[in-house]
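Asks: First, the structure itself, so that you have it in front of you.
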Amino acid sequence: MTTIAIDGPAAAGKGTLSRRIAEAYGYHHLDTGLTYRATAKALLDRGLPLDDEAIAADVARNLDLSGLDRAVLSAHGIGEAASKIAVMPAVRRALVEAQREFAAREPGTVLDGRDIGTVVCPDATVKLYVTASADIRARRRYDEIIAGGGTADYDAVFEDVRRRDARDMGRVDSPLRPAENAHLLDTSEMSIEAAFSAAKSIIDAALKH
Ligand code: CDP
């Protein structure tokens, strides 16, 4: 069984890259950000508080991984709410358990998130840490919103990226950081195609061993 762990900050391009990799190798893909987003959305939809760890963990334990849909969960407010409940250890324990079960699927899996190489799958076959400068990530997120027919202010998007980085990197439980044996991939100057081909070379080399 092969596990490919892909971590990195908001809007670094992990999602697209992970989907392409899963497709190329015929592996199952789990965007673990969606598990945090779906938990947050369930709380918001039911009018439940975002700051009660026991309630949030209960919702997390009952989450169904089969119905996760980024189109439904992509709203900006859901991302913010997700990063708030993601600081809660009991929520993380529940979601990490479900993510580990997913990671055991044959013939292999690609998981992307913030703590896959460090916490969820420390024994992953290959670990990638995908980054890009905050400015470029904000620009990509902005373009994405505009392309989707929305409106946005670049400065606000940039501030948002910075705030989410600070929350994800600064939390006590499972902060965002590269695993010791992760391969760093800075996509600041790379197209999606170039990033995919760089990732593929790293993965192919690791699978040969
Ligand atoms: O797509 P984007 O980078 O905006 O975020 P996401 O991957 O959908 O994740 C949303 C939030 O969930 C992040 O800001 C993290 O706080 C949290 N998350 C996490 O803590 N651990 C993961 N493995 C994945 C996401």
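The values are calculated or read from the model by the stated rules, or taken from the named source; none is laboratory data. This is a predicted model, so every value here is computed, not measured. Heads up, the Cβs are rebuilt from the backbone with ideal geometry, glycines too, and the neighbour counts pull from every protein chain shown. Areas reflect the complete protein model, heavy atoms only, side chains present, ligands, DNA and RNA absent. Shrake-Rupley method; radii C 1.70, N 1.55, O 1.52, S 1.80 Å.
Asks: Of the numbered conditions (1) assigned to a helix (DSSP H, G or I); (2) more than 17 Å from the chain's Cα centre (by Cα); (3) loosely packed, with under 13 Cβ neighbours inside 10 Å; (4) not aromatic (Phe, Trp, Tyr), ILE202 fails exactly one; give the number of that condition.
Replies: Result: ILE202 passes all but (3).
Asks: Here's another thing I want to ask about it. Just one of (1) more than 21 Å from ALA166 (Cα to Cα); (2) within 12 Å of the ligand (Cβ to nearest atom); (3) surrounded by 22 or more Cβ atoms within 10 Å (Cβ to Cβ) trips up ILE4, so point out which.
Replies: (2)
Asks: Residues in segment 62-69: is at least one on the phi < 0 side of the Ramachandran plot, touching a Pro at 6+ places or on another chain (Cβ under 7 Å) and either modelled with pLDDT under 95 or not small (Gly, Ala, Ser) (or both)?
Replies: No, there is no match, as no residue in segment 62-69 is on the phi < 0 side of the Ramachandran plot, touching a Pro at 6+ places or on another chain (Cβ under 7 Å) and either modelled with pLDDT under 95 or not small (Gly, Ala, Ser) (or both).
Asks: Take GLY33 and tell me if it is open to solvent by less than 70 Å² (accessible area, probe 1.4 Å) and touching a residue at least 12 places away in the same chain (Cβ under 8 Å).
Replies: Taking the combined requirement at face value, the residue satisfies it.
Asks: Okay, moving on. Please return the ranges of helices (runs of 4 or more DSSP H) entirely within segment 70-157 where 2 or more residues are among the hydrophobic types (A, V, I, L, M, F, W, C) and open to solvent by less than 10 Å² (accessible area, probe 1.4 Å).
Replies: 76-85, 89-103
Asks: Can you tell which of LEU34, LEU65 is in contact with a helix residue (DSSP H, G or I) (Cβ under 7 Å, 6 or more places away or on another chain) and within 8 Å of the ligand (Cβ to nearest atom)?
Replies: Only one candidate qualifies: LEU34.
Asks: Do we find that SER174 is buried (at least 18 other Cβ atoms within 10 Å of the Cβ) and of a type in the set (S, T, N, Q) in this structure?
Replies: yes
Asks: Within segment 38-47, is even one residue modelled with pLDDT of 95 or more and not in a helix (DSSP H, G or I)?
Replies: Yes; the residues of segment 38-47 include at least one that is modelled with pLDDT of 95 or more and not in a helix (DSSP H, G or I).
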